Amino acid sequence: MMRTTLVETLVLFLCFFLGALVCITSATYGRKQNYGDQVVVRCSNVSRVQYQAISTQPGMDIWYISNNNIDVRVSWENVMWLRQLGIHCTILHDSVEQLVKQFEKDLMVKQEWFEEYHEYDDIIKWYEELANRYTDIVTYYPSIGKSYEGRDMPAVHITGSTAPNIFKIYFQCQIHAREWISGAVCGYIVNYLLENYGNNDDVTKLLDSVEFIFIPFVNPDGYAYTWSNDRLWRKNRRSGSPCDGVDLNRNYDEHWSEGGSSSNPCSETYHGTGPESEPETQNTANYFRSNDVILGAIDWHSYSQLILRPYGWTSEDAPDEAQLKAIGDGMSDRIFAVHGKYYTSQKGIGLYPTSGTARDWFYSDNANVNNGDYRSAGYTLELRDTGQYGFLLPPDQIIPNGEEMVPAVMYFANTLLEDPIKK
Ligand SMILES: [Zn+2]
């Protein structure tokens, strides 16, 4: 638990007299980390060799990758390191501290559920309440396993069907701790499906034909830590020396440690001591394998507005490249039609190599061992935005970001039901 400092006590004391709601919500968020010496730089024309050097160097925190640019959070000292590597960078945000402070201002305003972000405990309660309200179509599993620090990782199953062997769609959320919008949008989609079953023909028809599985927290410890200590924490909370945390999205058992990940525990892309070394990776992988037949799976992230398909570790096409590309492109079209936001659909390696990712694993032989004649279509979905706020996406974008995902998710499930990927 957090210790209350003198300043926090004074703030609470003032709040008591002001009687303001803002104080009630802000009292739970307590940041210890100060980002005073940090900036975000945008570097252009970064080669693969330079990218590999940056992505594995401690103190380099890559925020955004597009085809020509990468944005990196660094200390002023490390700006010099980039210069010495011969990489051309300009300052995108001259104060990370100010960016975080601006975000925190929005956190202090109490709004409707989807107009603010919530802590782990409150989100768990919210899912439990939904499960109690929609008992006919929701099955709630309080824990598919414990995280490293012992938090429960729940699963939410949604279907209108009573058929035992119904096809499934699997979504996992909040694998990277600081990507708060990923968990918020997953909640938005869950709520949309539940509210519209029986009221909207498309949703009713879909939920009568498929079962959605949501894992709201792949990384509950990291998420809690972004509320209590470091808003920009990414990895899980495995304690290590000299640095804590494993990047869970480099820890899956699919071409683990074959590029775009690091063996240095201080790197943001540290892949752990072996494939599935982390309890969070094991829990999700075991749960995925125990739920056949899964036709498609999405690992939800932010930010960059990307729809990434296999592979990340090789530039070879996946055997089902044409089908995977068509689905990704189709999702992009449907997203664009809602609020005019463009999401780039491409192969994972279209940016830079990554290995041991959930997306490639969903599509792998390892994941689909129990999946009958079918192979799960695996994607990484990077939500809003493209750098203006980055991980500090203001809460007033939760609803529009959720709205633009709904038709994409419906299309994803319907398309795979009509034309599943066969082994
Ligand atoms: Zn991520």
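The values are calculated or read from the model by the stated rules, or taken from the named source; none is laboratory data. Keep in mind the model is a prediction, meaning the values are calculated, not measured. So basically every Cβ, Gly included, is an ideal-geometry build from the backbone, and we count neighbours across all protein chains shown. Note: accessible area is taken over every heavy atom of the protein model, side chains too, but ligands, DNA and RNA are not part of it. Shrake-Rupley method; radii C 1.70, N 1.55, O 1.52, S 1.80 Å.
Excluding same-chain neighbours fewer than eight residues apart, the lysines reachable from Lys347 by a Cα-Cα span under 27 Å are Lys168, Lys235, Lys325, Lys422, Lys423.
On a full-extension model of 0.36 nm per residue, what is the gain between Asp208 and Ser263, subtracting their alpha-carbon distance, rounded to one decimal in nm? Mind dumping the intermediate values first?
Numbers: separation 55, 0.36 × 55 = 19.80 nm, distance 4.54 nm.
Result for the pair: 15.3 nm of gain on full extension.
Modelled spin labels at Lys105 and Trp76, positioned 7 Å past Cα toward Cβ, are 2.4 nm from each other.
For the pair Val338 and Asp136, what calculated FRET efficiency results from E = 1/(1 + (r/R0)^6), where r is the Cβ-Cβ distance and R0 = 35 Å, to the nearest 0.05? All intermediate terms of the calculation are to be shown ahead of the outcome.
Working: r = 29 Å, r/R0 = 0.82.
FRET efficiency, Asp136 to Val338: 0.75.
For the chain, the carbon plus sulfur part of the accessible surface works out to 49%, probe radius 1.4 Å. Taking the Kirkwood radius as Rh and the Cα radius of gyration as Rg, the chain has a ratio of Rg/Rh equal to 0.95.
Solvent-free Debye calculation, one equal scatterer per alpha-carbon of segment 269-423: log10 I(q)/I(0) at 0.11 Å⁻¹ equals -0.44.
Segment 278-293 and segment 74-146 have Cα centres separated by 24 Å. You can think of it this way: the chain between Arg31 and Ser239 has 72.9 nm of extra reach, that is 0.36 nm per residue less the Cα-Cα gap.
The lysines within cross-link reach of Lys110, meaning a Cα-to-Cα straight distance under 18 Å and a gap of 8 or more places when in the same chain, are Lys101, Lys125.
If only the Cβ of Lys and Arg carry +1 and only the Cβ of Asp and Glu carry -1, the dipole of segment 202-295 around its Cα centre is close to 300 debye. Per-residue extension of 0.36 nm, minus the Cα-Cα distance of Tyr411 and Glu149, leaves a gain of 90.6 nm for this segment. Between Ser315 and Lys423, what's the calculated FRET efficiency when r is the beta-carbon distance and R0 is 25 Å? Round to 0.05. Here the calculated transfer efficiency is 0.65.
Partner aspartates and glutamates whose Cα lies under 15 Å from the Cα of Lys341, excluding those fewer than 8 positions away in the same chain, are identified as Asp329, Asp333, Glu382, Asp385, Glu403, Glu404.
Treating only the Cβ atoms of Lys and Arg (+1) and Asp and Glu (-1) as charged, compute the dipole magnitude of the chain about its Cα centre; round to the nearest 20 debye. In debye, rounded to 20, the chain gives about 780.
Can you tell me the accessible area per residue over the chain, all protein chains present, probe 1.4 angstrom, in square angstrom? Don't jump to the answer; show the numbers that get you there.
Numbers: 17420 Å² over 423 residues.
Result: 41 Å² of accessible area for each residue.
The relative contact order of the chain, computed from alpha carbon pairs under 8 Å that lie at least 6 residues apart in sequence, is 18 percent.
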